[in-house]
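**Q** Attaching a single structure in structure tokens format; questions to follow.
The values are calculated or read from the model by the stated rules, or taken from the named source; none is laboratory data. Remember, it's a predicted structure, so these values are computed and weren't measured experimentally. So basically every Cβ, Gly included, is an ideal-geometry build from the backbone, and we count neighbours across all protein chains shown. Calculation scope for accessible area: heavy atoms of the full protein, side chains included, ligands and nucleic acids excluded. Shrake-Rupley method; radii C 1.70, N 1.55, O 1.52, S 1.80 Å.
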Amino acid sequence: MLLLPALAASHHFIRQAVKPGDVAVDATVGNGHDTCLLAELVGPAGRVYGFDIQPLALSRAAERLAEKGLSGRVQLCPAGHERLKEHLPEECRGNVRAVMFNLGYLPGSDKTVKTKAETTVSALAAALDVLAPGGIITVVIYTGHPEGKTEQEAVYEWASRLDQRHVQVAVYQFLNQVGNPPSLLVIEKSL
């Protein structure tokens, strides 16, 4: 199959953008899968900053990173993604090559704790602000929970207003799948 699910497509774009020595952000750490991918891509000379409000997510990610020997490349921050600018060192601002978002809730945990439209849009604006020219933001959006569609609409509304002279925005989504397949929003900052 040539067409990739949204999460795999996100990883494809991230692999194209992130190189050894780069700075990257996982805005929604969750179980740490994307955090590990970013840590592998930035290599020993790079740095990854991961954000999550749930201690369970941070501990799961820390365990996964330790198992893979990647802990030294990552700083996990117990904060919401909307606060990423506050936690990034000044020298990283404007130098971040990639920011990854997976919206929704932490799999295998309390489903009442989930991303929300207002904080996600704020986080996306902050991510765009710290992004390096040529950097990307990937946003995997899950709409299978009650607030998911509202969050998707808010994210698309925000992204559709971005100035095309400075950023390119694309949506990747299956149209003929049953249920609520996730979509992928990709933002690339112009050089």
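**Q** Among the residues that make up the range 172-186, is at least one of them among the β-branched types (Val, Ile, Thr) and open to solvent by less than 30 Å² (accessible area, probe 1.4 Å)?
**A** So far as the range 172-186 goes, yes, one or more of its residues are among the β-branched types (Val, Ile, Thr) and open to solvent by less than 30 Å² (accessible area, probe 1.4 Å).
**Q** Quick one: which of Asp22, Asp26, Asp110 is open to solvent by less than 20 Å² (accessible area, probe 1.4 Å) and either at negative phi or within 15 Å of the chain's Cα centre (by Cα) (or both)?
**A** The match here is Asp26.
A quick yes/no check of all residues on (1) open to solvent by 40 Å² or more (accessible area, probe 1.4 Å); (2) at pLDDT below 95:
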position	(1), (2)
Met1	yes, yes
Ser10	no, no
Gln16	yes, no
Gly32	no, no
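**Q** Turning to a different aspect of this structure: Filter the range 47-57 down to residues that are within 19 Å of Pro89 (Cβ to Cβ) and open to solvent by less than 10 Å² (accessible area, probe 1.4 Å) and give me whichever is farthest from the chain's Cα centre (by Cα).
**A** For the range 47-57, the residue satisfying everything is Val48.
**Q** To continue, here is another question. I'm trying to understand the selection: among the residues of the range 117-152, which are open to solvent by 70 Å² or more (accessible area, probe 1.4 Å) and within 14 Å of the chain's Cα centre (by Cα)?
**A** Tyr142
**Q** Further question: So for the range 143-159 (the condition being of a type in the set (S, T, N, Q) and in contact with a helix residue (DSSP H, G or I) (Cβ under 7 Å, 6 or more places away or on another chain)), does at least one residue qualify?
**A** Initially, the range 143-159 is screened for residues of a type in the set (S, T, N, Q), giving 143, 150, 152.
The next check asks that each one be in contact with a helix residue (DSSP H, G or I) (Cβ under 7 Å, 6 or more places away or on another chain); those that pass are 143, 150.
Within the range 143-159, one or more residues are of a type in the set (S, T, N, Q) and in contact with a helix residue (DSSP H, G or I) (Cβ under 7 Å, 6 or more places away or on another chain).
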